[in-house]
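Quick notes on the structure that follows.
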Amino acid sequence: MEPQASRGGSPRAVPSGTALYRDISYLATFSSALGDIKDAAIYVKGNVIEWVGEAAALPAEYSGADQDSPLFNWLVSLYPAWAGMSGEDVYVATKLAMAELLLSGCTCSSDHLYIYPNDVTLDDTIRAGREMGMRFHPTRGIMTLGRSKGGLPPDSVVEDTEAALVDAKRLIEAYHDAERYSMVRVGIAPCSPFTVTNDCMVQAAELARQYPAVRLHTHLAENTQDIEFSEKQYGCRPGPYLQSVGWDQHDCWFAHCVMLDEAERKLFAEKGLGVAHCPSSNARLASGIAPVRVLLDSGVNVGLGVDGSASNDSGNLLEEARLALLLQRALRQDVKGLSVREALEIAIKGGAKNLGRDDIGEIAPGFAADFVGWKLTGKVALAGALGDPLTALILCTPGSVDLSVINGGVVVKDGQLLTCNVEELVREHNERSARICSLVGSPDI
C-alpha cells in the first residue's frame, strides 16, 4: 500500500516575504471593527494580513519603499524586492535608467548589477545598452557573504564564488572589447566588504587581470555602518582590507568613499585608485558628504556617479555635478570648495579615467565622437545667463540635452531620444516597478 503522505502530496510552502496590495477601489472586509473601505490597501507578511485600511493612511513602513533608513537598513528592505526581478525586468529598468542618463548629457556609463535572481544575467543590461546606443561598462557584480556567514544580504540572494566567476569569464569572452573606441567593456565587481567573502575579492582580481582593460569595482567606506562592519569582520579599516585582497592597484575604482581617512586617501593617490562620488545617494541615505576637495588636493582621481535609482531617485548626471559643487562649497563654507569647471571635469574626465579610457572625455581630434549640446536660446532656465554658458550649464539647470552624439551616431535630436519609444518604455517600467515595489520588506536588521 502506498504511504498516505505521498498520495496526499507535499504541503505548500508558506510565503516568507511581504506584499502590498493597493488600488482597491472598494474593499469588503467583513470585519465589524473595520467595515467596508474605499480606496483601500492590504499589507501581508508571510501568510498573515498585517495591516488593512485606507491607502492614504498607509504607514510609512508598509509603503513599498523605504525612504527614511540608513544604508544597511535600506538594503535589507530592498533585498526581497530585488529577489523578485526577472531578466526582462532588469532589461526594461536598464533602458529606463539609460534614457534618463542620456537625456541629462551622459554618453558613457558603468553599471553595477550584483543580484541575479530567477533568470537574470548581465546579458540583459548589455542588450539594453546596445539598443539605447550608450557607451557601456557593465560590471558583473557578485554577493557571496550571506547572513548566515555574518554578511548583510539573505542567503537566498548570494552566490557561490566559483560559479559567479565562471559567469564573469563567460561575459568577458562574449562581450568585452578592449580596443580603442569600444562600446562595451566588461568589469568584475564584488559588491562590498559586507556582502562578499575575501576569496571572492582575491579571485575576482586574479581573473580580471588575465584580460586587457577589464577593471575592478566595488562599494567602499560608504558610511559609519560600513566602517564598523569592516572593523568587526576583518579587524581593520578599508585601506588595509584592500591591500590584503590585492585591490590596491590602478585598475580598481570604488563607489562612495565618504569615510576614507588620511592614510587611505594617501594610499588611493599613491596607487592610482579611483573614486566614484555619488552625492545624491550619500545625502539621501544620510551617509555623509565625501570630502571631494580634499581627495582632489591629495591627488586622488574622482569621477561622478548617480548610483542606483533606489538610492537617488534620479539619474540626471548634470544635476549630480551641480549637487557635487554645492555640497563641497557648503561643507567647507568656502566658494572654492569646487568650481564649475572642476565639477564638469569630475563628471567627464574623472569618470573616463576611472573606466580606464583615454579615448573619451575630450572633444578633440583622435577622441571618440561623443558630444552633447544644449540650445542656448528659448530656455527659461538660461535666460540672462548667456554671458557665461558653461557656468549656466551647472548653476541654471537647463534641462534635457537637445543633441547627443555617441560613437558618431545621433542618439538625441531636438531633445527627443531616438533609440526608444520613451512613452512606451515608461508605461512598461511603471507596470513592472509596481510589482517589484510590492515586495519591499522591513528595514529592521
- Query: helices (runs of 4 or more DSSP H) wholly in the stretch 346-445 with at least 3 residues that are more than 24 Å from the chain's Cα centre (by Cα) and surrounded by fewer than 18 Cβ atoms within 10 Å (Cβ to Cβ) - which ones?
  - Reply: 389-395
- Tally of residues being part of a loop (DSSP other than H, G, I, E, B) and open to solvent by 20 Å² or more (accessible area, probe 1.4 Å) across the stretch 309-327: 3
- Item | Test for residue 184: is it over 28 Å from residue 197 (Cβ atoms) and touching a Pro at 6+ places or on another chain (Cβ under 8 Å) | yes
- Query: Which condition number does residue 282 fail, the rest of (1) in a loop (DSSP other than H, G, I, E, B); (2) open to solvent by less than 30 Å² (accessible area, probe 1.4 Å) being met?
  - Reply: (1)
- Please state which of the following conditions residue 336 fails to meet, knowing it meets all the rest: (1) assigned to a loop (DSSP other than H, G, I, E, B); (2) surrounded by fewer than 15 Cβ atoms within 10 Å (Cβ to Cβ). (1)
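Please tell me if residue 203 is touching a helix residue (DSSP H, G or I) at 6+ places or on another chain (Cβ under 7 Å), part of a helix (DSSP H, G or I) and at pLDDT 95 or above.
Numbers: touching a helix residue (DSSP H, G or I) at 6+ places or on another chain (Cβ under 7 Å): yes; part of a helix (DSSP H, G or I): yes; at pLDDT 95 or above: yes.
Yes.
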- Is it the case that residue 321 is more than 23 Å from residue 216 (Cβ to Cβ) and more than 20 Å from the chain's Cα centre (by Cα)? no
- Message: Quick check on my filter: what residues within the stretch 266-279 are out of contact with any Cys (no Cβ under 6 Å at 6 or more places or on another chain), under 22 Å from residue 321 (Cβ atoms) and either in a loop (DSSP other than H, G, I, E, B) or free of Cβ contacts under 8 Å to residues at least 60 places away in the same chain (or both)?
- Response: 268, 278, 279
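Considering each residue of the stretch 105-159, count those that are in a strand (DSSP E or B), more than 17 Å from residue 84 (Cβ to Cβ), among the hydrophobic types (A, V, I, L, M, F, W, C) and in contact with a Leu (Cβ under 9 Å, 6 or more places away or on another chain), and give that number.
Residues of the stretch 105-159 that are in a strand (DSSP E or B), as a first pass: 108-113, 135-142.
From the residues that got through so far, the ones that are more than 17 Å from residue 84 (Cβ to Cβ) too are 108-112, 135-142.
Restricting the remaining residues to those that are among the hydrophobic types (A, V, I, L, M, F, W, C) gives 108, 136, 142.
From what is left, the residues that are in contact with a Leu (Cβ under 9 Å, 6 or more places away or on another chain) are 108, 142.
Selection size over the stretch 105-159: 2.
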- What number of residues within the stretch 30-46 are open to solvent by less than 90 Å² (accessible area, probe 1.4 Å) and under 40 Å from the mean Cα position of the chain (by Cα)? 7
- Item | Contacts under 8 angstrom Cβ, first residue in the stretch 324-338 being within 13 Å of residue 394 (Cβ to Cβ) and touching a residue at least 12 places away in the same chain (Cβ under 8 Å), partner open to solvent by 70 Å² or more (accessible area, probe 1.4 Å) and not in a loop (DSSP other than H, G, I, E, B), 6 or more apart | 338/329
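Would you mind stating whether residue 26 is hydroxyl-bearing (Ser, Thr, Tyr) and loosely packed, with under 10 Cβ neighbours inside 10 Å? Spell out how you get there, then give the answer.
Working: hydroxyl-bearing (Ser, Thr, Tyr): yes; loosely packed, with under 10 Cβ neighbours inside 10 Å: yes.
In short, yes.
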- Item | Residues of the stretch 227-250 classified as touching a helix residue (DSSP H, G or I) at 6+ places or on another chain (Cβ under 7 Å) and not hydrophobic (A, V, I, L, M, F, W, C), total | 10
- Message: I need every pair where a residue in the stretch 149-171 that is at pLDDT 95 or above has its Cβ under 6 Å from the Cβ of a residue that is of a type in the set (A, V, I, L, M, F, W, C) and open to solvent by 80 Å² or more (accessible area, probe 1.4 Å), sequence separation at least 6 or different chains.
- Response: none
- Any idea which residue in the stretch 70-104 is least open to solvent (accessible area, probe 1.4 Å), counting only those that are part of a loop (DSSP other than H, G, I, E, B) and in contact (Cβ under 8 Å) with a residue 60 or more places away in the chain? 104
- Query: Which of the residues that make up the stretch 241-254 are open to solvent by 10 Å² or more (accessible area, probe 1.4 Å) and either in contact (Cβ under 8 Å) with a residue 60 or more places away in the chain or within 17 Å of residue 291 (Cβ to Cβ) (or both)?
  - Reply: 251, 253
- Message: Between 300, 306, which is more than 14 Å from residue 347 (Cβ to Cβ) and surrounded by 18 or more Cβ atoms within 10 Å (Cβ to Cβ)?
- Response: 300
- Item | Enumeration of residues in the stretch 145-174 that are surrounded by fewer than 17 Cβ atoms within 10 Å (Cβ to Cβ) and closer than 30 Å to residue 371 by Cβ | 174
- Task: State yes or no: is residue 177 in contact with a strand residue (DSSP E or B) (Cβ under 8 Å, 6 or more places away or on another chain) and free of Cβ contacts under 8 Å to residues at least 24 places away in the same chain?
- Result: yes
- Item | the stretch 184-232: number of residues that are in contact with a Cys (Cβ under 9 Å, 6 or more places away or on another chain) and open to solvent by 30 Å² or more (accessible area, probe 1.4 Å) | 1
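The values are calculated or read from the model by the stated rules, or taken from the named source; none is laboratory data. Predicted model only: the values in this text are computed from it and were never measured. Cβ sites come from the backbone with ideal geometry, for glycine too, and all protein chains shown count toward neighbours. These area figures cover heavy atoms from the full protein model, side chains too; ligands, DNA and RNA do not enter into them. Shrake-Rupley method; radii C 1.70, N 1.55, O 1.52, S 1.80 Å.
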